[in-house]
Amino acid sequence: MERWSFGEAPLDETRELAAALRDLMGTALALEHPSPELRELVGELRAAEERLAALAPADLRPRIGDAPDPTRRLYLDHSRDVGDYNACFPVYEMRAHDDRAEGRVTFPVVYEGPPGVVHGGFLAVFFDCALQQLNCDMGAAGKTRSLSVRYRRPVPILTELELVAERTVAEGSILSTAELRLDGAVMCSAEMSAVLGDRDALPGVSPRRTA
């Protein structure tokens, strides 16, 4: 079954930057006192952002549709592994087959809420990403209609967790469930309903332009 995708792949440098920024922010959050190194780093990052902004499109709306405005930005594929190129999303590993998936995830310091515990909102983001990736890998996906998260136990940061998920497709809907487990115990679970989309109805995506 052909996987769903919608958009272009990110740059390799963007993937490397996301990992570096996630690690860097985690280290900065662990600092207890001001440091000249941190102040210097902020200045360097601001200067780098200004230089990159001069190369980016002035219009940050995505370049999609039948007649996309060429001055807009390239739309990147959000069907899977968003955390690999966006530091604001969790990174995880997942293998999908026969409407089921298994995987692993470790939440770093940047996703902390209560002391030593993952913020519940990030868990909802994680489940939405993982379950939609399962849908896309199985070749039929659509927009999230509802997402319910049950927080059974505090989910620890800096700890490898097991992910299990499955889905069914019926009457124009995709119903999915997932659990995060630690040593066999269910820490958090989710149920999601999505509209079964029509691949042919997706708008066109403007490809990456040549340099």
Original post:
Gain in length, Leu38 to Leu147, computed as 0.36 nm per residue apart minus the alpha-carbon separation, to one decimal in nm?
Top reply: 35.4 nm
**OP:** Compute the projected area of the convex hull of the Cα atoms of the range 1-112, averaged over all viewing directions, and report it in nm² to one decimal place.
**Re:** 9.9
Subject >> Solvent-accessible ranking of Cys129, Cys88, largest area first, probe 1.4 Å >> reply: Cys88, Cys129
Original post:
Given H placed on each backbone N at 1.01 Å, which residues far from Phe107 in sequence or on other chains put an amide H within less than 5 Å of it?
Top reply: Leu158, Thr159
Original post:
Along the charge dipole of the chain, Cβ charges K/R +1 and D/E -1, which of Pro68, His33, Gly113 sits furthest on the positive end?
Top reply: Pro68
**OP:** With r as the distance between the Cβ atoms of Glu50 and Glu2 and R0 = 25 Å, compute the FRET efficiency 1/(1 + (r/R0)^6) and round to 0.05.
**Re:** 0.05
Original post:
Taking amide hydrogens as modeled 1.01 Å from N in the peptide plane, which residues meet the under 5 Å criterion relative to Val155, leaving out close sequence neighbours?
Top reply: Val118
Subject >> Portion, in percent, of the accessible area of the chain that falls on carbon or sulfur, probe 1.4 Å >> reply: 55
Original post:
Measuring from a point 7 Å past the Cα of Thr71 along Cα-to-C-beta, which residues in the range 173-207 have an amide N at less than 13 Å?
Top reply: none
Original post:
Debye sum, Cα scatterers, the range 140-211, no solvent: what log₁₀ I/I(0) at q = 0.16, 0.26 1/Å?
Top reply: -0.71, -1.12
**OP:** For His119, put the label point 7 Å out on the Cα→Cβ axis and report which residues of the range 63-95 keep their amide N under 13 Å from it.
**Re:** 88-90
Subject >> Equivalent ellipsoid semi-axes - Cα gyration tensor, the chain, angstrom >> reply: 30, 28, 12
Original post:
How large is ³J(HN,Hα) for each residue in the range 64-76, as worked out from phi by the Karplus curve 6.51 cos²θ - 1.76 cosθ + 1.60 (θ = phi - 60°), to whole Hz, x for Gly and Pro?
Top reply: 9, x, 6, 9, x, 5, x, 7, 7, 7, 5, 8, 8
**OP:** Let me have the relative contact order for the chain, percent, based on Cα pairs under 8 Å that are six or more residues apart.
**Re:** 23
Original post:
Using DSSP loop states and a limit of at most 11 other Cβ atoms within 10 Å to flag GluC sites (Glu not before Pro), what is the longest stretch of the chain containing no flagged site?
Top reply: 33-170
Original post:
Which distance in nm do the two modelled labels at Arg95 and Ala28 give, with both placed 7 Å along the Cα-to-Cβ direction?
Top reply: 3.7
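The values are calculated or read from the model by the stated rules, or taken from the named source; none is laboratory data. Here the structure is a predicted model, which is why all the values come from computation and not from measurement. Cβ sites come from the backbone with ideal geometry, for glycine too, and all protein chains shown count toward neighbours. Just so you know, the surface numbers come from the protein's heavy atoms only, side chains and all, with ligands and any DNA or RNA stripped out. Shrake-Rupley method; radii C 1.70, N 1.55, O 1.52, S 1.80 Å.
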